[in-house]
Each structure stands twice: as structure tokens, then as C-alpha cells.
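Please read the structure below before turning to the comments.
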Amino acid sequence: MSWLPPCANAAAAPERLPANVDRRCGAAGRGKAGLPSTAAMAAASPVTPPRRQRRHGTAVLLATAVFAIAQAAAAPPQRIASLNLCTDSMLFELVDDRRIASVTTLSRDPNLSHFAERAAHRHVNHGAVEEILFTAPDLVIGDRQLAPQTARLLRRLDLPLLQFDHANTFDEYAANLGRLAAAIGAEMQAASILASLHHALGDGPAGVSAAAPRAIIYQPNGYTPGTATLMHDILRHAGLRDIADELGLAFGGFITLEQLIMARPEILIFSARRTSAPSLAEQQLRHPVLRRARALAAPTTVARIPEHLWTCAGLFSVAAIRALEVHAP
């Protein structure tokens with residue numbers, strides 16, 4: 001762009017003169033000594049806004065930019081990856097599949113996961129950071145037991161990480177669900193789930209009666225969950241007395257068949273699993289002594305609860321309570 005006035009350029013390029021400038025640089029466009037008049041220069045030159053107007057425009061642009069940045073910062077994450085089976089479960093409860101970048105491979109196991117069918121159509125991970133990076137998430141969630149080196153690497157890569165304590169009660173599950181919902185903008189979904197849960201459970205039992213049926217959960221290899229577990233909370237809500245407390249198993253442990261028979265539970269509870277191949281760990285659950293014990297140590301009732309209903313807490317866990325309530329007075 002030439003910085004010369006219009007008439008000074010006329011001889012060189014008359015065809016590029018502005019329409020409002022006389023091509024002959026005559027009276028309308030030429031002042032003294034062949035220079036353009038003040039009116040012509042004013043008409044041909046760009047208008048510079050007053051300083052106050054320029055400041056106002058700058059302020060508007062700055063305000064717009066700040067608002068856009070704030071909006072971007074406040075926007076909930078749209079691609080979420082999970083590194084734990086129970087955080088998988090909460091994620092499935094709160095958002096639709098389009099926002100789920102990755103879940104653990106355990107979520108595809110119908111024995112463990114209530115959402116195995118949905119997980120079959122999502123990317124799965126084995127807890128490796130490179131698997132997570134592949135999915136380009138803007139939030140990663142997991143439990144407190146996540147390997148420290150994994151957590152450190154995720155933070156070094158500037159991937160936001162949100163960790164949760166394992167929920168051993170429905171109250172702890174409600175706190176975790178609310179915290180995750182606030183982080184991902186799913187407060188309405190969480191409120192609906194928790195309202196349904198409260199409707200199903202009420203305020204919960206103040207305590208289990210001493211006359212309540214004595215029950216024990218017996219799993220492969222003779223393992224029984226302790227009183228500081230979700231399964232114990234489910235028994236409590238069903239009105240059953242968990243005799244793991246009598247056996248001194250607050251955090252779970254293994255009991256022999258002899259100990260089980262001597263404890264004389266009124267209700268023997270197994271986790272029902274779907275499997276086509278039997279395992280040595282599960283053979284103990286089919287031991288002949290258990291069949292004889294059920295016949296002789298009356299009244300011993302056997303209940304089978306699908307394992308995916310109480311591996312992790314969720315609204316779906318209410319089904320386990322309803323299945324056990326039929327054995328309570």
C-alpha cells in the first residue's frame with residue numbers, strides 16, 4: 001500500500017484512484033501546488049476512531065476473551081477414562097456411552113460388572129497409561145489403590161486425575177457418586193439415582209436385631225467378606241445378622257469347612273457366577289459336607305446372589321437386598 005496522497009499517484013496509476021477523487025486532480029481534488037485538498041484527503045484516508053472509542057473496543061475484546069476462557073475452563077470433561085471396576089460402574093450410571101473414553105477390561109466380565117453389555121462396546125484398558133493416552137481423555141478416574149507410578153505419570157502428562165476411596169457402604173457410595181457427578185456435570189443424574197436409592201432403602205436399619213437370622217457369605221476358597229464391606233452392609237439392610245463378626249473377621253478372611261459347620265449359620269449365601277469352566281477354588285462350594293450340613297443342621301437355607309450385584313455399590317445393588325429380605329422375619 002502506498003502512503004502517497006491520491007493526486008501524487010495519479011500520474012503513475014490513475015486507474016487506482018478512489019472514486020471520490022477527481023481523476024484530473026482538478027478543483028475538487030487538488031489544492032495549491034497540485035496537492036490534494038483537505039476534503040479529498042479526508043474522504044480518501046481511513047478514519048481513525050477516537051482514543052476513548054479504541055479503549056472501549058479493547059475492553060470489549062478482553063472481556064469476550066476472558067469469558068470464553070472461563071467458559072472453556074468451566075465446561076465439564078467430555079471424554080472420561082476409568083482405571084477401576086467400581087469407578088467404571090459409577091461412570092456407566094451417570095453418563096451415556098459417548099462420553100466414556102475407556103473402562104477397565106473387568107467391566108466386560110458379566111460376573112463382576114452390572115454393565116458388561118455396555119462395556120462390550122467401549123474401549124477397555126488394563127491400567128496402562130499408554131492405553132489411556134490412546135483414547136485422549138480429558139479426565140481420568142480411579143481408586144485410591146491406583147499404582148503410585150501410574151498416578152505420577154498421569155499428572156506429569158497433565159491429565160487430570162480424580163481418585164476415590166472404595167465404597168464399603170451405601171453412604172460411602174452416595175458420597176462418591178455425588179463427587180464424581182460434580183466433576184463431570186452430571187448432578188441431575190446423580191440426584192435422580194440417589195433419590196431412588198433413598199426411596200428403596202429409607203433411612204436404613206438402626207441396627208440388626210439379635211433375633212435376626214444368622215447368615216454368612218461363603219465364597220470360593222472359603223473366603224468370607226468381613227463386616228467392613230459392602231456385602232455386610234447389604235446383609236444389614238436385608239435384616240440379616242452377619243456372623244463374620246462372631247468369627248472376628250472385620251475385614252474378611254478364610255474359614256475352613258469345619259469352622260463353617262461349627263458356626264451353624266441359618267442362611268448360607270453364595271455368590272452366583274456364570275461360568276462354563278469349573279475352577280478348583282469353586283469346588284469347595286460343592287463339597288459333599290456342605291450338602292450334608294444343609295440336610296442335618298436344620299434350618300440352614302441356601303441363597304445365591306448374582307456376584308455383579310454386590311461387587312461394586314450401585315442402585316442395582318438394591319436387587320441383592322430384595323433377594324435376601326425374603327429370608328428375614
**Prompt:** Which one is farthest from I321 (Cα to Cα), of the residues in segment 268-288 that are of a type outside the set (G, A, S) and at pLDDT 65 or above?
**Reply:** P288
**Prompt:** What are the residue pairs meeting all of these: first residue in segment 121-147, first residue of a type in the set (D, E), second residue in a strand (DSSP E or B) and open to solvent by less than 10 Å² (accessible area, probe 1.4 Å), Cβ atoms under 6 Å, and 6 or more apart or on different chains?
**Reply:** E131/N125; D143/F164
**Request:** Return the total of residues in segment 314-325 being open to solvent by less than 10 Å² (accessible area, probe 1.4 Å) and touching a helix residue (DSSP H, G or I) at 6+ places or on another chain (Cβ under 6 Å).
**Result:** 4
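So, of the residues in segment 76-98 that are in a strand (DSSP E or B) and small (G, A, S), which turns out to be farthest from D158 (Cα to Cα)?
At the first step, the residues of segment 76-98 found to be in a strand (DSSP E or B) are 80-82.
Those still in the list that are small (G, A, S) too: 81-82.
On the way: A81: 14, S82: 16 Å.
Selected residue: S82.
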**Item:** Tabulated pairs, segment 194-206, first free of Cβ contacts under 8 Å to residues at least 24 places away in the same chain, second surrounded by 13 or more Cβ atoms within 10 Å (Cβ to Cβ), C-beta under 8 angstrom, 6+ apart or interchain
**Value:** L194/A174; L194/L177; L194/G178
**Message:** Looking at (1) assigned to a loop (DSSP other than H, G, I, E, B); (2) at pLDDT below 95; (3) over 13 Å from D88 (Cα atoms), which one does G127 not meet, given that it meets all the others?
**Reply:** (3)
**Asked** Just checking, which of P299, P265 is part of a loop (DSSP other than H, G, I, E, B), farther than 30 Å from G142 by Cα and modelled with pLDDT of 85 or more?
**Response** P265
**Message:** Six or more apart or on different chains, Cβ atoms under 6 Å: show the pairs whose first residue is in segment 253-266 and closer than 26 Å to A211 by Cβ and whose second is charged (D, E, K, R).
**Reply:** P265/R214; E266/R214
**Item:** Per-region count, segment 99-115, residues surrounded by 24 or more Cβ atoms within 10 Å (Cβ to Cβ) and assigned to a helix (DSSP H, G or I)
**Value:** 1
**Count of segment 192-226 residues which are crowded, with 20+ Cβ neighbours inside 10 Å and of a type in the set (S, T, N, Q)** = 2
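The values are calculated or read from the model by the stated rules, or taken from the named source; none is laboratory data. Keep in mind that what you see is a predicted model, and the values were worked out from it rather than measured. Every residue, glycine as well, gets a Cβ built from its backbone with ideal geometry; the counts of neighbours run over all protein chains shown. Heavy atoms of the whole protein, side chains included, go into the accessibility calculation; ligands, DNA and RNA do not. Shrake-Rupley method; radii C 1.70, N 1.55, O 1.52, S 1.80 Å.
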